[in-house]
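One structure below.
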Amino acid sequence: GTQWQDILLELLVGTFFWKWTKSSKQQRIPQKRFFRVNESSTALVWSRKPGASLSGTIPFAEVISLTQTSSPDGHLFIDIKTRQKYQLLISTQLEDKYHRWLYALSILTNQSKYESHPPAM
């Protein structure tokens, strides 16, 4: 319905998330990156800022799991793993945004393990 369209549009427009990258010491360093769903709704892509050249792409067909976790300081994480053993860890502290993105990504990647009703708009 219109709610799904609204959520999908939000993902097509894109937004910033913290992207957690492993450094040599195995500590994760957060970097602010702009995430969006590509025009054909087949992949999650990201760049340093809106309109910049892409620094990463994850085709939805490659995603094998979406895991949700949180940290004591209020970061809400979406942990995305792919068939290629790639792991993407992103977070936000905005709960509404987090649940909309998690809901939409779970549908787009067919990860129905995330059993949830659409988040309240």
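No lab work stands behind these numbers, since they all come straight from the coordinates. Just so it is clear, the model here is predicted, and its values are computed rather than measured. Note: ideal-geometry Cβ built from the backbone for every residue, glycine included; neighbour counts use all protein chains shown.
With axes computed from alpha carbons, what is the tilt in degrees of helix 95-108 against the longest principal axis of the chain, rounded to the nearest 10 within 0 to 90?
80
As an exercise, use a Förster radius of 22 Å and the Cβ-Cβ distance of Ser53 and Lys97 to find the FRET efficiency, rounded to the nearest 0.05.
0.35
From the phi angles alone, apply the Karplus equation (6.51, -1.76, 1.60; θ = phi - 60°) to the stretch 57-67 and give each ³J(HN,Hα) in whole Hz, x where the residue is Gly or Pro.
With coefficients 6.51, -1.76 and 1.60, one gets 9, 10, x, 4, 5, 8, 6, 10, 7, 10, 10 Hz.
So what is the calculated 222 nm ellipticity per residue for the chain, using -39500 (n - 2.57) for each DSSP H run with n of 4 or more, over all residues, to the nearest 500 deg cm²/dmol?
Numbers: 2 runs with 26 residues, N = 121.
Helices in the chain give a 222 nm mean residue ellipticity of -7000 deg cm²/dmol.
Under the rule a/c < 1.5 gives rounded, and otherwise a/b versus b/c splits prolate from oblate, where does the stretch 14-70 land using the Cα gyration tensor?
Values: a/c = 1.98, a/b = 1.28, b/c = 1.55.
It comes out oblate by the Cα gyration axes.
Restricting to Cα atoms and excluding each atom paired with itself, what does the Kirkwood estimate give for the chain in Å? Let's see the in-between values first.
Values: mean 1/r = 0.0681 Å⁻¹.
Radius from the Kirkwood sum: 14.7 Å.
If you line up the long axis of helix 2-13 against the longest principal axis of the chain, both from Cα atoms, how many degrees apart are they, to the nearest 10?
Helix 2-13 sits at roughly 30 degrees to that axis.
List the residues whose amide H sits under 5 Å from the amide H of Leu54, counting only those 5 or more places along or on another chain, with H placed 1.01 Å from N in the peptide plane.
none
Any of Lys19/Lys49; Lys19/Lys81; Lys22/Lys97; Lys22/Lys85; Lys22/Lys81 with alpha carbons more than 18 Å apart? Name them for me. Mind dumping the intermediate values first?
Working: Lys19/Lys49 13 Å; Lys19/Lys81 14 Å; Lys22/Lys97 24 Å; Lys22/Lys85 14 Å; Lys22/Lys81 15 Å.
Those over the limit are Lys22/Lys97.
Using only the Cα atoms of the stretch 1-46, build the gyration tensor, take square roots of its eigenvalues as a ≥ b ≥ c, and label the shape rounded, prolate or oblate: rounded if a/c is under 1.5, else prolate if a/b is larger than b/c, else oblate.
prolate
Please label the shape of the stretch 38-84 as rounded, prolate or oblate, based on the square roots a ≥ b ≥ c of the eigenvalues of the alpha-carbon gyration tensor (a/c under 1.5 means rounded; beyond that, a/b larger than b/c means prolate, else oblate). Write out the running numbers ahead of the final one.
Values: a/c = 2.63, a/b = 1.30, b/c = 2.03.
Oblate, since a/c reaches 1.5 and b/c is not below a/b.
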